[in-house]
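First comes the structure, then the notes that go with it.
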Amino acid sequence: MAEELNNWIDVDNQLPEPLETIFIFNGKGSTTLGCRGEMQDGWFWATTNGIIYEENGAIVSECEVDDLDVKFWHKLPKPLKIK
């Protein structure tokens with residue numbers, strides 16, 4: 001691959017943890033928050049429904065099943081802690 005991945009992970013090389021909120025990219029210019037869900041017979045990609053919050057020191061989003069062709073994913077940063 002000629003372009004620099006900037007820490008984006010190819011789904012053919014590694015998948016995120018189930019239900020981990022991440023950035024997902026389809027390889028065609030569309031990036032959104034989402035996650036990888038699991039079912040009894042496999043797994044699926046889901047996109048955010050717009051509800052985003054902090055939980056247990058992580059940024060999380062409620063996600064809904066979507067028919068996505070995800071090519072790359074990227075971890076979210078940790079929430080900012082101001083003292």
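Scanning the stretch 36-64 for residues that are touching a residue at least 12 places away in the same chain (Cβ under 8 Å) and in a loop (DSSP other than H, G, I, E, B) turns up just one, Gly57.
For the stretch 27-59, the set of residues classified as of a type in the set (A, V, I, L, M, F, W, C) and either under 10 Å from the mean Cα position of the chain (by Cα) or within 23 Å of Asn6 (Cα to Cα) (or both) consists of Leu33, Cys35, Trp45, Ala46, Ala58, Ile59, listed by residue number. Kindly indicate whether Trp73 is among the aromatic types (Phe, Trp, Tyr) and at pLDDT 95 or above. The answer is yes for Trp73. Residues of the stretch 1-11 include at least one that is among the aromatic types (Phe, Trp, Tyr), in a loop (DSSP other than H, G, I, E, B) and open to solvent by 50 Å² or more (accessible area, probe 1.4 Å). Selection of first residues in the stretch 9-23 that are within 14 Å of Trp43 (Cβ to Cβ) and of second residues that are of a type in the set (Val, Ile, Thr) and part of a loop (DSSP other than H, G, I, E, B), restricted to Cβ pairs under 6 Å at least 6 apart or on distinct chains, gives the following pairs, ordered by first then second residue: Val11/Val70. Restricting attention to the stretch 60-83, the residues that are of a type in the set (Val, Ile, Thr) and either over 11 Å from the mean Cα position of the chain (by Cα) or open to solvent by 70 Å² or more (accessible area, probe 1.4 Å) (or both) total 2. Sort out which residues of the stretch 15-35 are more than 17 Å from Asp69 (Cβ to Cβ) and either open to solvent by less than 100 Å² (accessible area, probe 1.4 Å) or not in a loop (DSSP other than H, G, I, E, B) (or both), and write them in order of number. Within the stretch 15-35, Pro18, Glu20, Thr21 meet the criteria. If the condition is being open to solvent by 60 Å² or more (accessible area, probe 1.4 Å) and over 26 Å from Gly27 (Cα atoms), then the stretch 46-59 contributes Tyr53, Glu54, Glu55, Asn56.
The values are calculated or read from the model by the stated rules, or taken from the named source; none is laboratory data. Model, not experiment: these values are computed from the prediction. Virtual Cβ from ideal backbone geometry, glycine too; neighbours counted across all protein chains shown. Each accessible area value is taken on the protein alone, full model and side chains, heavy atoms only, with ligands, DNA and RNA left out. Shrake-Rupley method; radii C 1.70, N 1.55, O 1.52, S 1.80 Å.
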